[in-house]
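Enquirer: Sharing a structure with you now.
The numbers here are math on the coordinates, done by the rules we state, and not lab data. Values in this document were obtained by computation on a predicted structure and should not be read as measured data. When we count neighbours, we look across all protein chains shown, and the Cβ atoms used for this are built from the backbone with ideal geometry, even at glycine.
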């Protein structure tokens, strides 16, 4: 979260986050399709925020799947829990960061890192922790805002990571890059395997 967001009273900050993330809900099905989410998978969503995208993955992986939301903000986690219960979605919620990844209930088949990289202070440390936690057949899906975009939506241009820089970080963390592409709303996506 930005310093500006952290200075806002918690209830206003959460309300703004819920509104912002709801505007990106249309991307959940696209991200899920590109990442290959399927019935019965263990899916870890890093930086789940208000859960707008996380909770959209639940019907895709079904009741046999396991959905894990990782988020450092306690207020966001409380909101996600409440919203998941309201919708009847089984959700495992963890407070923490990708750099200090808490113990997971199962190795994830898919790790969703969407619009979160620019919030991570030590991206290579985080990517190494993700690599170590993943199932051997797993896939890491990253969607980030492109610095080559106009900066109309999403993170400030100064906080965005160039695709080549992300590719270098992924390789340094032990990943192999299997695909990358331009995506809607000033995004690019990258898929990596352990």
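Enquirer: What FRET efficiency do you get for residue 22 and residue 152 if R0 is 25 Å and r is their Cβ-Cβ distance, rounded to the nearest 0.05? Present the calculation step by step, with values, prior to reporting the outcome.
Expert: Details: r = 18 Å, r/R0 = 0.72.
Rounded to the nearest 0.05, the efficiency is 0.90.
Enquirer: Could you identify which residue out of 86, 25, 159 has the top mean-square fluctuation in a GNM of the chain using Cα springs shorter than 10 Å?
Expert: 86
Enquirer: Still on this model: Suppose R0 equals 35 Å. What FRET efficiency, 1/(1 + (r/R0)^6) with r the Cβ-Cβ distance, do residue 78 and residue 193 give to the nearest 0.05?
Expert: Details: r = 34 Å, r/R0 = 0.97.
Using R0 = 35 Å, I get an efficiency of 0.55.
Enquirer: What value, in deg cm²/dmol to 500, does the helix sum -39500 (n - 2.57) over DSSP H runs of n ≥ 4 give at 222 nm once divided by the residues of the chain?
Expert: On the way: 7 runs with 70 residues, N = 194.
Per the formula, -10500 deg cm²/dmol.
Enquirer: Just to be sure I understand: of the beta bridges DSSP finds with both ends in the chain, what percent are antiparallel, rounded to 5?
Expert: Numbers: 13 of 30 bridges.
Antiparallel: roughly 45 percent of the beta bridges in the chain.
Enquirer: While we're on this one: With an 8 Å cut-off on Cα pairs and a minimum separation of 6 or more residues, tell me the relative contact order of region 45-116 in percent.
Expert: Numbers: 92 pairs, mean separation 27.6, N = 72.
Across region 45-116, relative contact order equals 38 percent.
Enquirer: Would you mind computing, in nm to one decimal, how far apart the modelled labels at residue 90 and residue 11 are, each placed 7 Å from Cα along Cα→Cβ?
Expert: Here the answer is 3.5 nm between the modelled labels.
Enquirer: Defining a contact as two alpha carbons under 8 Å apart and six or more residues distant in sequence, what relative contact order in percent does region 66-194 show?
Expert: Details: 214 pairs, mean separation 27.4, N = 129.
RCO, region 66-194: 21 percent.
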